[in-house]
Amino acid sequence: MISGIYDIHNKKGEKLLDALLAEAKSLFSLEDAQKKLGLPKNYVVKIISNLVKKKQVLRISQGLYAYFPPTEKKSGFNVSRIIGQIMEHRHTPYYVGLLSAADYYGAAHQKPQRLQIMIPQQISFAKAKELGISFHVQKHFPKTGLAQIKTPQGYLWYSSPELLALDLLNYEKASGGIDNVAIIIREIRPLLKNKSLRAMALDYPVRAVVQKLGYLLELFGAQDLLLQCLQRIIKKRGASVVGLSSPLPKKGSFNAKWSVLVNTTLEVSDDL
């Protein structure tokens, strides 16, 4: 009898996975599974539990699950495949940012260990660390400067190069420190557009990072139009003396043009 029940669970589980694959769905809720199988909740819970034990399905949160493809068994679960669906399910705006966005633009020289996601407010997500996600709160959540990128996993929201440059300086520690930030900004400099940068820099909540970005872009030989754009914005918003690296003491040479105290010697190799 036990063997018979187990076989039924297996068959119903296979039916559920077939239905998900047919719809190209990676994420599903307990309610979704009930509708597809037409069975009582307690029975569906047992079927899903069996799939979880067999590592065909991963539990994401209470009542929310994800299909675990056999192709990911060796490399590990690819959370970028479902992050957009997770955030949509939670009705939370998001964008892929910092080192993860830099990696997309080909500017991260080391693969980020976690998928860095920007959100407008802190959320409770117990599985975040296990899934390889780190959330970073941007209270002044941008309405512009986001790009919807088509990936093998579907469409995802990413920061534009202009927003990325500002975010990297604002979240210096999460971005690997000022040396790493400087390297990435140098790499994405050709992608920065004058009009887009102006819109982002005018509205960015932390004025100091606009000054730091101006200093770094000039250091890396950015076009005069880009630098003049940032100079006008700083003049409009006002400027106070800021350290190039936020965690370090405000000691060092002073760059009057950008009101930046150069409190560190950047280790940015020319051969990168």
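The values are calculated or read from the model by the stated rules, or taken from the named source; none is laboratory data. Because the structure is predicted, anything quoted here is derived from the model rather than measured. Please note: Cβ atoms are built from the backbone with ideal geometry, for glycine as well, and neighbour counts cover all protein chains shown. These accessible areas exclude ligands, DNA and RNA; they are computed on the full protein's heavy atoms, side chains included. Shrake-Rupley method; radii C 1.70, N 1.55, O 1.52, S 1.80 Å.
The table for this structure:
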| item | result |
| --- | --- |
| Total residues in the range 229-269, condition more than 27 Å from the chain's Cα centre (by Cα), small (G, A, S) and open to solvent by 70 Å² or more (accessible area, probe 1.4 Å) | 2 |
| Residue within the range 33-46 that is on the phi > 0 side of the Ramachandran plot and loosely packed, with under 15 Cβ neighbours inside 10 Å present | yes |
| L163 being open to solvent by 20 Å² or more (accessible area, probe 1.4 Å) and within 16 Å of V181 (Cα to Cα) | no |
| Every residue from the range 64-91 that is touching a strand residue (DSSP E or B) at 6+ places or on another chain (Cβ under 6 Å) and open to solvent by less than 20 Å² (accessible area, probe 1.4 Å) | L64, A66, V79, I82, G84 |
| Helices (runs of 4 or more DSSP H) completely within the range 147-233 that count 1 or more residues being polar (S, T, N, Q), farther than 30 Å from Y67 by Cβ and out of contact with any helix residue (DSSP H, G or I) (no Cβ under 7 Å at 6 or more places or on another chain) | 178-188 |
| Cβ pairs under 8 Å, 6+ apart, first in the range 39-64 and over 13 Å from K15 (Cβ atoms), second open to solvent by 80 Å² or more (accessible area, probe 1.4 Å) and aliphatic (A, V, I, L, M) | S61/A126 |
| Any hit, the range 39-58, residues being among the aliphatic types (A, V, I, L, M) and under 23 Å from W157 (Cα atoms) | no |
| Candidate set from the range 128-148 (those that are exposed (fewer than 15 other Cβ atoms within 10 Å of the Cβ) and touching a strand residue (DSSP E or B) at 6+ places or on another chain (Cβ under 7 Å)); member that is modelled with the highest pLDDT | V137 |
| Exclusive hit being touching a Leu at 6+ places or on another chain (Cβ under 8 Å) and among the basic types (K, R), set K173, K257, K212 | K212 |
| Residue among L226, L192 that alone is without any contact (Cβ under 8 Å) to a residue 40 or more places away in the chain, within 20 Å of S160 (Cα to Cα) and within 23 Å of the chain's Cα centre (by Cα) | L192 |
| Lone unmet requirement of (1) among the small types (G, A, S); (2) on the phi < 0 side of the Ramachandran plot; (3) at pLDDT below 90 for G76 | (2) |
| Number of the condition not met by S245 [criteria: (1) in a helix (DSSP H, G or I); (2) under 23 Å from A108 (Cα atoms)] | (1) |
| Entirely in the range 41-132, the helices (runs of 4 or more DSSP H) that have 3 or more residues that are under 18 Å from the mean Cα position of the chain (by Cα) | 83-89, 98-104, 128-131 |
| Test: residue in the range 83-104 that is over 30 Å from A19 (Cβ atoms) and free of Cβ contacts under 8 Å to residues at least 12 places away in the same chain | yes |
